[in-house]
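Structure first, then comments.
The values are calculated or read from the model by the stated rules, or taken from the named source; none is laboratory data. All figures in this text were calculated on a predicted structure; none of them were measured in a lab. All Cβ positions, even for glycine, are placed from backbone atoms using ideal geometry, and neighbour counts span all protein chains on display. To get the accessible areas, we keep the full protein, side chains included, count just its heavy atoms, and leave off ligands, DNA and RNA. Shrake-Rupley method; radii C 1.70, N 1.55, O 1.52, S 1.80 Å.
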4 protein chains.
Amino acid sequence: MSASRKIAFIGLGIMGSPMAANLVRAGHTVTGYNLTQDAIDKLVADGGLAAGSIAEAVADAEVVITMVPADPQVEQAILGEGGVLESAKPGTLVIDMSSITPQTSIKVAAAAQEKGIRTLDAPVSGGEAGAIEAVLSIMVGGGAEDFAEAKPLFDALGTTVIHVGPAGAGQTVKAANQLIVAVNIQVVAEAVVFLENAGVDLPAALDVLAGGLAGSTVLNRKKANMVDRQFAPGFRIDLHHKDMGIVTAAARAVEAPLPVGSLVAQLVASARANGDGSLDHSALLRGVERLAGRKVN
Amino acid sequence: MSASRKIAFIGLGIMGSPMAANLVRAGHTVTGYNLTQDAIDKLVADGGLAAGSIAEAVADAEVVITMVPADPQVEQAILGEGGVLESAKPGTLVIDMSSITPQTSIKVAAAAQEKGIRTLDAPVSGGEAGAIEAVLSIMVGGGAEDFAEAKPLFDALGTTVIHVGPAGAGQTVKAANQLIVAVNIQVVAEAVVFLENAGVDLPAALDVLAGGLAGSTVLNRKKANMVDRQFAPGFRIDLHHKDMGIVTAAARAVEAPLPVGSLVAQLVASARANGDGSLDHSALLRGVERLAGRKVN
Amino acid sequence: MSASRKIAFIGLGIMGSPMAANLVRAGHTVTGYNLTQDAIDKLVADGGLAAGSIAEAVADAEVVITMVPADPQVEQAILGEGGVLESAKPGTLVIDMSSITPQTSIKVAAAAQEKGIRTLDAPVSGGEAGAIEAVLSIMVGGGAEDFAEAKPLFDALGTTVIHVGPAGAGQTVKAANQLIVAVNIQVVAEAVVFLENAGVDLPAALDVLAGGLAGSTVLNRKKANMVDRQFAPGFRIDLHHKDMGIVTAAARAVEAPLPVGSLVAQLVASARANGDGSLDHSALLRGVERLAGRKVN
Amino acid sequence: MSASRKIAFIGLGIMGSPMAANLVRAGHTVTGYNLTQDAIDKLVADGGLAAGSIAEAVADAEVVITMVPADPQVEQAILGEGGVLESAKPGTLVIDMSSITPQTSIKVAAAAQEKGIRTLDAPVSGGEAGAIEAVLSIMVGGGAEDFAEAKPLFDALGTTVIHVGPAGAGQTVKAANQLIVAVNIQVVAEAVVFLENAGVDLPAALDVLAGGLAGSTVLNRKKANMVDRQFAPGFRIDLHHKDMGIVTAAARAVEAPLPVGSLVAQLVASARANGDGSLDHSALLRGVERLAGRKVN
């Protein structure tokens, strides 16, 4: 449907690799770069091209997409020595799809603008499965025209693609998403221990709760995990811990109070400190159980 | 469908009045008692019978339903002088549909059992509209056989009717419901202020959030209230404040920790102290705005 | 010093027993009653008189002192069948020195007033040692003249004796005391784990902290417990848990927000649920350690 | 007493200016640099020497002291272009007395060590008055020998001077200090509103509380502020907000949970968002009053 674009894709990890492949599949010319060669080889096997450096990947690109772990990697890959802004031509559209603090996105946008380079921040939710199946939700911050130009690319990657405001807004919405998810999990966990301690039939109770005003996607998707104490991820507590760091920092920067959010951030950190970092975030239940004096191992 | 039963209905308020009428409509003989006469007159107009006292209402009843404001009224109406247990025949089934602490329900059940009277605790959610339209959710605690016997009556009042455990279990689930709802509202409120302070397009953002793992019935039903700052109830903060008192007391009684729930209970109390008690509970947003230094009046 | 009074002393437990003995020592005629006979025998050995019932103890008394565990026992001993108000003569001064909710003290005062009986609420702090050595702090609510009349008795029991307001005010101040103590302990515990995790020399650090604006009686008295992990009571977590129940209920009753206090109440409850109830309240440190992923036993 | 040293002093603000003057007074040769000339002129008037740049100040120094507002200024002044590490000779002792995150102090120490330069982190408490009167508390992290060498200089600045551990430890203890102070203030504020709402005689109550286990330096020094609602600083909420950012970040870095500390950090931020940033930190009381529905302006 969309015209074929020349895309540089920086960061071919668990998320980036299938996303790049989906862009190839949609008819685009995708040149990939990653710190490890095997990920680049996989992209080539999927029909993409290999680059030996960010500079090489970016040299000829109309659009640059970055998908890296956290703020320092984004700063390094875009603003750093040998980074995107050194090599990209004026007019290039740089789309950072990493999940980072809005403040870093705003800083990247300002640095890019000085060089005539356009940016969007476009973090995603939906996880590895969503990346593979191209059903991600994509929250986009930046200029409306730039969003319109990038829309066909986003449509190759996800099903919910929404422009939510200026530079940083995509990250802000992603951060808000993680805030709500963590708190919704925590309160369900508190409810579960309360119901169990009171001798209630837990599966029956969670079914009623899911059907009323207490219902939520968290409750629908995670209640079986909680009933069965099966915490294979899913979305790991380690990652949610990173995200709670983002949202508390971002909220502080804009003077938004998070009395409940900040407490839950501490409980997520506690889960990690208790060795639950590689479990699904629904394992916040284990933290409530520990507070209740139960042995969880 | 169900055999006609002789029912005494104690407490014909905003909820009790339409519930009693629905039982009349389902073919039952309903004798009502209320502290004010007009409510009794309304039941008679709806096809019910009038009683001048609890004793009179209960004398000939197979089933007694109580629907009163809070723990003291339940204790008074069932355990007190002139209350249900004084007049009800052994074998009567007493169904308390008030929302109270599980511990009081357990106490009522024990007192009734000594007199050979059976009890169910069966609090509801769904509000006045749900009561009128007979689409309440009903969470029932007590014996399985007693539940089975009462099921046809509940079906005349609601659409989701679930037996969740022994005496008190219905109240526990109702309390858990109110816990989750309050916390889900609070975190959406924190997210809203965060999004606004960051300059995000709020309606667009809430739409994305509602579509992902952050989605919830609260978000779906209350996001327009929050965007428009329209807080006509709905469910009043005053009532949610009462319910947070129930859930914190009930959780304490069974040694279940509510770190987040207890903090939100304080924020609900604060909303009330700030004069928002008669607003919809989505007005917890106003509390977050106050913390953020906004003028909300 | 003071004129000898006829005192009935109800409740000769760990606190009441040495207090009654101190009143004997000060020259008063003290008639004691307790649920167990050995405590009465001990009072007789200390120079007091024995009563076989509250009625008998109270019959001839000018002043009645009650010192019992909690709200239900106060209600029973003063308001209940066979209780103080049934037997006390009009004009008697009833001093409840138990630690209970201010609301119950107010209820007791109102019930007494109807019978022409005067009341003071006069909870203490200082523990068993303070009771034995007559160095308690006594916080007194009630009428100024009644306080003046009771002052010589209080002076036989403690060293800090202050009239803080009308009926219930003594309990309110006691509750505030327990609130501040629990929170001060909790934050020192958070600081200790933070300092240790950061590799700081803990005893040196606590010494600096104690000397500055962070200094507190809690820090002075409890830092050795925390450094050495020696949690022999002192004041048991079980009792502080009871007191946190009082202060959260009392604050709710007067619409005072306790965002931090209510969270700490949950952490105290969690300590108890984890089996630390019989340890000194400085063992709140163990809860912070558990949150930090440390094995504490 | 101590041998005269050649000291470069970078940062002659409200704190740095009197501290530099005290070092002059103690017989040291102090060469000062500041971003504004008037502060340098003042040092010269006090007997010091002027430098036109950090490089010039540092060139000949045996000891370099930095006293600047926050992490970025420390990084700039020590690690940045034209900063201390560029000009200082190997063997120089660099003492950073700013209040910053321990992690930045550790980073500075590591960078310095690569150049053979020694460092101490030595934040202070005691405020402007303490700086002028040379009665600061100084918490020092770094090597024991370096501490011993610097001890005479610290003794010219303060009265409590303690070595608390390796690089960063001084900052950690300062952060813990601010954590405890903020929480101790907050809980006193919660107690004040509770006592007032309950009709208690506040000054009398605070006197009793100060005399028992609830006593603290905060209560002693701030109770009059609270009773009189006089919030002239003292220590400004803006600065405490900065410090709560330090302690929450530092605790996160070492995986120490701050459930209560993080909540209080939000309440400090809220005070600032409500326009109370330039008031004394005891004005946290105003935040509790707002939560209680009182008008505070």
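Taking the simple approach of a point 7 Å from Cα along Cα-to-Cβ for both C:Leu79 and D:Lys89, what is their distance in nm?
In this crude label model, C:Leu79 to D:Lys89 measures out at 8.3 nm.
Just to be sure I understand: if you take the accessible area of chain D alone plus chain B alone and subtract the pair, with a 1.4 Å probe, what total do you get in Å², rounded to 100?
Values: alone 13620 and 13590 Å², together 26530 Å².
Accessible area lost upon association: around 700 Å².
In segment A:173-291, if the dipole is taken from +1 on Lys/Arg beta carbons and -1 on Asp/Glu beta carbons about the Cα centre, which of A:Val187, A:Asn177, A:Leu263 is farthest to the positive end?
Sorting the options by dipole projection puts first A:Asn177.
Calculate for chain D the 222 nm mean residue ellipticity that helices alone would give, adding -39,500 (n - 2.57) per DSSP H run of length 4 or more and normalising by residue count, nearest 500 deg cm²/dmol. Before the final figure, lay out the partial values.
On the way: 14 runs with 152 residues, N = 297.
Helix contribution divided over all residues of chain D: -15500 deg cm²/dmol.
What area, in nm² and to one decimal, does the C-alpha convex hull of segment C:136-214 cast on average over all directions? Could you put the intermediate results ahead of the total?
Details: hull surface 26.7 nm².
Averaged projected area of segment C:136-214's Cα convex hull equals 6.7 nm².
For every other residue with a beta carbon closer than 13 angstrom to the beta carbon of A:Thr66, add +1 if it is Lys or Arg and -1 if Asp or Glu, then tell me the sum. Could the numbers behind the result be given before it?
Values: positive: none; negative: A:Asp71, A:Glu75, A:Asp96, A:Asp121.
Overall, the nearby charge balance is -4.
Counting heavy atoms of the protein chains only and a 1.4 Å probe, report the per residue accessible area for segment B:70-128 as a whole number of Å². The partial results should precede the final answer.
On the way: 2310 Å² over 59 residues.
Value for segment B:70-128: 39 Å² per residue.
For label points placed 7 Å from Cα toward Cβ, what is the shortest-first list of nm distances from D:Pro203 to its copies?
4.3, 5.7, 6.7
Can you tell me which aspartates and glutamates have their Cα less than 19 Å from the Cα of A:Lys42? Leave out same-chain residues fewer than eight positions away.
Partners within reach: A:Glu56, A:Glu128, A:Glu133.
Got a sec? Which residues of segment B:211-234 lose 40 Å² or more of accessible surface with every protein chain in place, vs. that chain alone, 1.4 Å probe?
Buried by 40 Å² or more upon assembly, which counts only protein chains, are B:Leu213, B:Ala214, B:Thr217.
For q = 0.18, 0.24 Å⁻¹, what log10 I(q)/I(0) does segment C:39-116 give under the Debye formula with an equal point scatterer on each alpha carbon and no solvent?
Once normalised to I(0) and log-transformed, intensities are -0.73, -1.20.
Report the semi-axes of the equivalent ellipsoid for chain B in whole Å, largest first, where each axis is √(5λ) for an eigenvalue λ of the Cα gyration tensor. All intermediate terms of the calculation are to be shown ahead of the outcome.
Numbers: eigenvalues 287, 76, 59 Å².
Ellipsoid half-lengths, sorted descending, are 38, 20, 17 Å.
What is the dipole size for chain B, taken about its Cα centre, with +1 at each Lys and Arg Cβ and -1 at each Asp and Glu Cβ, in debye to the nearest 20?
520 debye
Could you look at chain C and say what percent of its accessible area is carbon and sulfur, using a 1.4 Å probe and all protein chains? Write out the running numbers ahead of the final one.
On the way: 5490 of 10240 Å².
Roughly 54 percent of what the probe reaches on chain C is carbon or sulfur.
What is the calculated FRET efficiency for C:Ala224 to D:Ile14, with r their C-beta to C-beta distance and R₀ = 51 Å, to the nearest 0.05?
Approximately 0.85, to the nearest 0.05.
Compute the relative contact order of segment A:235-297 as a whole-number percentage, counting only Cα pairs closer than 8 Å that sit 6 or more residues apart in sequence. Intermediate values should be presented prior to the final figure.
Numbers: 50 pairs, mean separation 26.7, N = 63.
Across segment A:235-297, relative contact order equals 42 percent.
Just in segment D:1-97: which GluC sites (Glu not before Pro) are loop by DSSP and have at most 14 other Cβ atoms within 10 Å? List each step's numbers first, then the result.
Numbers: sites: D:Glu56, D:Glu62, D:Glu75, D:Glu81, D:Glu86; in loops: D:Glu62, D:Glu81.
Within segment D:1-97, the qualifying GluC sites (Glu not before Pro) (loop, at most 14 other Cβ atoms within 10 Å) are D:Glu81.
Ratio of Rg to Rh for the protein assembly as shown, alpha carbon only, Kirkwood?
Working: Rg = 33.5 Å, Rh = 32.9 Å.
So for the protein assembly as shown, dividing Rg by the Kirkwood Rh gives 1.02.
Through the Karplus equation 6.51 cos²θ - 1.76 cosθ + 1.60, θ set to phi - 60°, convert the phi angles of segment A:57-67 into ³J(HN,Hα) values in whole Hz; use x for Gly and Pro.
Using θ = phi - 60°, the values come out as 5, 7, 3, 10, 7, 8, 10, 10, 10, 10, 9 Hz.
Using alpha carbons only, how many angstrom separate the centre of segment D:162-214 from the centre of segment A:180-217?
So the two Cα centres are separated by 37 Å.
Give me the inter-chain shielding for D:265-277: mean count of other chain Cβ atoms within 10 Å, whole number please. Can you show the working numbers first?
Values: counts 5, 14, 5, 0, 11, 9, 2, 2, 11, 7, 1, 1, 0.
Across the residues of D:265-277, the mean count of other-chain Cβ atoms within 10 Å is 5.
Quick test of the membrane-span-like rule: which DSSP H helices of chain C reach at least 20 Å along their long axis (C-alpha atoms) with mean Kyte hydropathy at least -0.5? Spell out each step's value before the answer.
Numbers: long enough: C:169-197 (42 Å, 0.92); C:237-253 (24 Å, 0.19); C:259-273 (21 Å, 1.05).
Answer set is C:169-197, C:237-253, C:259-273.
Using 7 Å Cα-to-Cβ label points, what is the D:Glu56/B:Ala129 separation (nm, one decimal)?
Roughly 7.5 nm, to one decimal.
Taking amide H positions as placed in the peptide plane 1.01 Å from N, state which residues far from A:Asp60 in sequence (5 or more) or on other chains have amide H under 5 Å from it.
none
Mind scanning B:Lys174/C:Lys242; D:Lys6/D:Lys115; B:Lys89/B:Lys242; B:Lys115/B:Lys151 and naming the pairs with a C-alpha gap bigger than 28 Å?
Working: B:Lys174/C:Lys242 26 Å; D:Lys6/D:Lys115 20 Å; B:Lys89/B:Lys242 33 Å; B:Lys115/B:Lys151 23 Å.
Over 28 Å apart, Cα to Cα: B:Lys89/B:Lys242.
Suppose a student asked you for the relative contact order of chain B, using Cα pairs under 8 Å spaced at least 6 residues apart; what percent would you report? Can you show the working numbers first?
Values: 541 pairs, mean separation 38.8, N = 297.
For chain B, the relative contact order is 13 percent.
Once you've got the GNM for chain B with C-alpha springs shorter than 10 Å, pick whichever of B:Leu23, B:Leu279, B:Leu263 has the biggest mean-square fluctuation.
B:Leu263
If the only charges are +1 at each Lys and Arg Cβ and -1 at each Asp and Glu Cβ, what is the size of the charge dipole of segment C:173-291 around the Cα centre, to the nearest 20 debye?
Working: 11 positive and 11 negative charges, 67 e Å.
For segment C:173-291, the charge dipole is close to 320 debye.
Take the Cα of B:Val296, step 7 Å along the line toward its Cβ, and report every residue of segment A:242-263 whose backbone nitrogen sits under 16 Å from that point.
So the set is A:256-261.
Defining a contact as two alpha carbons under 8 Å apart and six or more residues distant in sequence, what relative contact order in percent does segment A:6-166 show?
For segment A:6-166, the relative contact order is 19 percent.
Give me the Kirkwood hydrodynamic radius of segment C:173-291, using the inverse of the mean 1/r over all pairs of distinct Cα atoms, in Å to one decimal. Display every interim value, and only then the final one.
On the way: mean 1/r = 0.0691 Å⁻¹.
Mean inverse Cα-Cα distance, inverted, gives 14.5 Å.
Give me the net charge for the shell around A:Ile106: Cβ to Cβ below 13 angstrom, other residues only, Lys and Arg +1, Asp and Glu -1.
Values: positive: A:Lys107; negative: A:Asp71, A:Glu75, A:Asp96, A:Asp121.
After counting each charged neighbour, the total is -3.
How big is segment D:6-166 by Rg and Dmax over its Cα atoms, in Å?
13.8, 37
Tell me the net charge near B:Val193. Cut-off is 9 Å between Cβ atoms, B:Val193 excluded, with +1 for each Lys or Arg and -1 for each Asp or Glu.
Numbers: positive: B:Arg294; negative: B:Glu190, B:Glu196, B:Glu289.
Residues close to B:Val193 contribute a combined charge of -2.
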